[in-house]
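These notes are about the structure you will find just below.
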Amino acid sequence: MSTRTQRWPAMTGLILVLSVALAWGAGSCPAASRPNILFILIDDMGWMDLGCQGNRHLRTPNIDRFATEGMRFTDAYAPAPVCSPTRAALMTGHSPARLHLTNHLPHQDRFTPEKSKLLPAEMRDHLPLEYTTIAERLRDEAGYATAFIGKWHLYKGREEKFAAQAQGFDINIGGCSYGGPPTFFDPYRIPFLKDRREGEYLPDRLADETITFMRQQVKAKKPFYVALWNYTVHWPMEAPEEFVAKWADKPKVGYNHKVYPAMLETMDLAIARVLAELKKLQVEEETFVVFTSD
C-alpha cells in the first residue's frame, strides 16, 4: 500500500482570495478600494485536463489564455482533493481535517465506515454555521454583494438551513446538497434553480446567472463576490450533441468516451462569456478572478 499527497497547482488561489477578504474586510474602506472577486471552481476536473497544463488533445483555449495572461500557482497541495472538503476549505480558510469534513457528502453506501478498507476519521455531515465564511466577511464587513451560483454540496439531504444563503450569500442559485445534477439539461430538478427553457445546458445557465448578477451590481456601483462553482465535469456525462459529434472520430487517448471532452469544451466557452462580460462592463481591471478545481 502506498501513501501519496495529491498535488493541485491552482489551490493556492484560496490564499489570494482569503487574503483579499482580510485586507478589505473593514466596513469603513472606500468603495474604490474594494475589488470585485469572481471565484470559478470546476468539479472533478483532472490536473492534466487543460491545454495550459500540457494536454494536447482537449480544447480549452479560453481558460488557457486566461492562465497565460494571469498568475499561475504551481506549487501547492490539496489535503482532501474531492468535492465537499474542498468547498468547506475554500469557504472558511480552514483545512478539511480541522473542519472534520474529509470526504464526500452525503455519505452514500460506498462511503460508509463499514465498507471502508481503512477506519475513517470522524466526520460531520454539514459545514457548521459557526464558522465564518469568506462570503460573510465580505458582505457583512466590507459591504459586498454576494452570490453563490452552482454546486454547494456542504450538507446532506434537505437540511437547507446549511445552504449557501445561510452562509453569507445574498442569493443562491442551484446550491444544494447534490454532489452532481440529475441531468445537465433543463428541466434540471435542482433545488434553488428554477427551470427556464427545456433543453438548456447547465453551464450556459450558470454563466447567464453570473452575468446577470454582475450587471446588477455594476449598475448599483457595488463591489461583488461571485462563487461560480460549476457542476461540470461531474457525472452524469452529458453535453450538447453538436459538441459531442466533434469528438466522434477523434482518438480516445485514454478517455473512455467522447462526452467528457465535449463537457470541457462547453465549460470553456461558458467561462469565456463570463470573462468577456467583465471587459464589457469595464470592470476587468477591478476584478480578481480565481480559477481552480477540486
- Query: Looking at E209, is it of a type outside the set (A, V, I, L, M) and assigned to a helix (DSSP H, G or I)?
  - Reply: yes
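This table checks each residue for (1) over 20 Å from A145 (Cα atoms); (2) charged (D, E, K, R); (3) without any contact (Cβ under 8 Å) to a residue 40 or more places away in the chain.
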{"site": "E160", "(1), (2), (3)": "yes, yes, yes"}
{"site": "A166", "(1), (2), (3)": "no, no, yes"}
{"site": "I171", "(1), (2), (3)": "no, no, no"}
{"site": "P181", "(1), (2), (3)": "yes, no, no"}
{"site": "R197", "(1), (2), (3)": "yes, yes, yes"}
{"site": "P203", "(1), (2), (3)": "yes, no, no"}
{"site": "L206", "(1), (2), (3)": "no, no, no"}
{"site": "M214", "(1), (2), (3)": "no, no, no"}
{"site": "V233", "(1), (2), (3)": "yes, no, no"}
- Query: If you go through region 64-79 one residue at a time, do you hit one that is touching a Pro at 6+ places or on another chain (Cβ under 6 Å), surrounded by 19 or more Cβ atoms within 10 Å (Cβ to Cβ) and not in a helix (DSSP H, G or I)?
  - Reply: no
- Task: Test each condition in (1) at pLDDT 95 or above; (2) part of a loop (DSSP other than H, G, I, E, B); (3) among the small types (G, A, S) for A147 and report the one that comes out false.
- Result: (2)
- Members of region 220-273 that are of a type in the set (F, W, Y), more than 30 Å from A163 (Cα to Cα) and in a loop (DSSP other than H, G, I, E, B): Y255
- Message: Looking for something among the basic types (K, R) and more than 16 Å from the chain's Cα centre (by Cα) - is there at least one such residue anywhere in region 208-216?
- Response: yes
- Message: Just to be sure before I move on: is G168 part of a loop (DSSP other than H, G, I, E, B) and crowded, with 19+ Cβ neighbours inside 10 Å in the structure I sent?
- Response: yes
- When region 229-247 is checked residue by residue, the ones that are buried (at least 17 other Cβ atoms within 10 Å of the Cβ) and either under 30 Å from A135 (Cα atoms) or among the β-branched types (V, I, T) (or both) are W229, N230, Y231, T232, V233, H234, V244
- Look through K250, K221 and report the one residue that is surrounded by fewer than 23 Cβ atoms within 10 Å (Cβ to Cβ), on the phi > 0 side of the Ramachandran plot, among the basic types (K, R) and more than 21 Å from the chain's Cα centre (by Cα). K221
- Item | Qualifying residues in region 86-104 (those that are within 23 Å of Y231 (Cβ to Cβ) and in contact (Cβ under 8 Å) with a residue 60 or more places away in the chain) - the one surrounded by the fewest Cβ atoms within 10 Å (Cβ to Cβ) | H104
- Message: Being touching a strand residue (DSSP E or B) at 6+ places or on another chain (Cβ under 7 Å) and under 25 Å from T183 (Cα atoms) is true for just one of T266, T287. Which residue is that?
- Response: T266
- Members of region 156-165 that are under 18 Å from the mean Cα position of the chain (by Cα) and surrounded by fewer than 23 Cβ atoms within 10 Å (Cβ to Cβ): F162, A163, Q165
- Task: Would you check if L129 is outside any helix (DSSP H, G or I) and farther than 26 Å from E198 by Cα?
- Result: yes
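The values are calculated or read from the model by the stated rules, or taken from the named source; none is laboratory data. Keep in mind that this is a model prediction, so the values were computed, not measured. FYI the Cβ positions are ideal-geometry reconstructions off the backbone, even for glycines, and counts take in every protein chain you see.
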